[in-house]
């Protein structure tokens, strides 16, 4: 097996490349930057250049994408998302199939399913798509396009929809939550009974590799998580426990927090902190005989200590 990984210098890509190497799997990593040990490409829309890197490749993991843009500069964000996440993905898939790639593993997003779940009713892989933002819509359209490429060419397609991914080097909102946990400020979420599914990067990479090597992954959509959901308050407490810190709390009434979540500047962050988003990984476990190799406690410890190497 020879695996080609796009977005190999990113948060997930760099971890996946390490795991592939650790397992002795031959891998080529593509990046649009300049990173030692990886192949630099000017664009993922350069068929002539990409074709030479696809020679001899049996499997492809497509991680590169336009993700959430905190300060959007595009005059037409949806078109920008579609160009990067739909058109580029489909063109790459067609080129991969023509080059003899047998399996295409696509990292999608749980945002294809939606932004929130009813408590106790997690998303399942066969639920209808219900994206609510441009990013989620572009991922849903890319999935549909890949299925069509698979039908036309016979190339096997495997799709993974992760929720929030965390691990050593994580940024964005999870980094902000880590900063909050490291501070002496009390948690104001103790009266919020929500649940969030998360996935440690080690568990996600393990599932990606399963989708490369397991014949039962072909043609399937997989949801993934650590298999144990936490409330926001529980997550903060677990982070502080991993840091060896106390977990003070200030029991703010939920109604006040929900009111704050309606105010400009607070809505996006608080909606995630207060809301529920759970995924059901039963089908993933059953079809692939897969279990997340790392517990959420191990994942948080590795993330907070900045150590990506763990004993299973």
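Would you confirm whether or not the stretch 284-307 contains a residue that is over 18 Å from the mean Cα position of the chain (by Cα), in a helix (DSSP H, G or I), at pLDDT 95 or above and within 21 Å of residue 120 (Cβ to Cβ)? Yes, that holds for at least one residue.
For residue 181, state whether it is surrounded by 17 or more Cβ atoms within 10 Å (Cβ to Cβ) and under 28 Å from residue 221 (Cβ atoms). Here the answer is no, as residue 181 does not meet what is asked.
Does residue 140 satisfy the criteria of being in contact with a strand residue (DSSP E or B) (Cβ under 9 Å, 6 or more places away or on another chain), crowded, with 17+ Cβ neighbours inside 10 Å and not in a loop (DSSP other than H, G, I, E, B)? When the stated conditions are applied, residue 140 does not pass them. For the stretch 184-195, give me the residue count where each residue is more than 15 Å from residue 248 (Cα to Cα) and loosely packed, with under 15 Cβ neighbours inside 10 Å. Residues flagged as more than 15 Å from residue 248 (Cα to Cα) and loosely packed, with under 15 Cβ neighbours inside 10 Å within the stretch 184-195 amount to 1. In summary, residue 123 fulfils each of the numbered conditions (1) crowded, with 17+ Cβ neighbours inside 10 Å; (2) farther than 15 Å from residue 198 by Cβ with the single exception of condition (2). Evaluating residue 50 against the criteria (1) in contact with a strand residue (DSSP E or B) (Cβ under 9 Å, 6 or more places away or on another chain); (2) within 30 Å of residue 227 (Cα to Cα); (3) at pLDDT below 95 leaves one unmet condition, (2). Under 23 Å from residue 119 (Cα atoms) and surrounded by fewer than 16 Cβ atoms within 10 Å (Cβ to Cβ): does that describe residue 262? Considered against the rule, which asks whether it is under 23 Å from residue 119 (Cα atoms) and surrounded by fewer than 16 Cβ atoms within 10 Å (Cβ to Cβ), residue 262 comes out as yes.
Is it the case, given these coordinates, that residue 20 is in contact with a strand residue (DSSP E or B) (Cβ under 6 Å, 6 or more places away or on another chain) and modelled with pLDDT of 95 or more?
On the way: in contact with a strand residue (DSSP E or B) (Cβ under 6 Å, 6 or more places away or on another chain): yes; modelled with pLDDT of 95 or more: yes.
Against the criterion (in contact with a strand residue (DSSP E or B) (Cβ under 6 Å, 6 or more places away or on another chain) and modelled with pLDDT of 95 or more), residue 20 qualifies.
Residue-wise test of (1) surrounded by fewer than 19 Cβ atoms within 10 Å (Cβ to Cβ); (2) under 20 Å from residue 13 (Cα atoms); (3) touching a strand residue (DSSP E or B) at 6+ places or on another chain (Cβ under 7 Å).
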position	(1), (2), (3)
55	yes, no, no
92	no, yes, yes
103	no, yes, yes
150	no, no, yes
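I'd like to verify a number: residues in the stretch 237-247 that are touching a strand residue (DSSP E or B) at 6+ places or on another chain (Cβ under 9 Å) and either surrounded by fewer than 11 Cβ atoms within 10 Å (Cβ to Cβ) or closer than 16 Å to residue 192 by Cβ (or both), how many? So the answer is 3. Does residue 87 meet the test of being under 19 Å from residue 45 (Cα atoms) and at pLDDT 95 or above? Against the criterion (under 19 Å from residue 45 (Cα atoms) and at pLDDT 95 or above), residue 87 qualifies. In the stretch 231-241, is there at least one residue being part of a helix (DSSP H, G or I), in contact (Cβ under 8 Å) with a residue 24 or more places away in the chain and farther than 19 Å from residue 170 by Cβ? Yes: one or more hits. For the stretch 209-230, the candidate set comprises residues that are assigned to a helix (DSSP H, G or I) and out of contact with any helix residue (DSSP H, G or I) (no Cβ under 6 Å at 6 or more places or on another chain); within that set, the residue that is surrounded by the fewest Cβ atoms within 10 Å (Cβ to Cβ) is 215. Evaluate the following for residue 143: is it farther than 15 Å from residue 220 by Cα and under 16 Å from the mean Cα position of the chain (by Cα)? No, not satisfied.
The residues listed here are 190, 138, 129; of these, the one that is free of Cβ contacts under 8 Å to residues at least 40 places away in the same chain, touching a helix residue (DSSP H, G or I) at 6+ places or on another chain (Cβ under 6 Å) and over 20 Å from residue 204 (Cα atoms) is 129.
The values are calculated or read from the model by the stated rules, or taken from the named source; none is laboratory data. Note that the structure is a prediction, hence the values are computed from the model and not measured. Note that we place each Cβ from the backbone using ideal geometry, even for glycine, and neighbour counts take in every protein chain shown.
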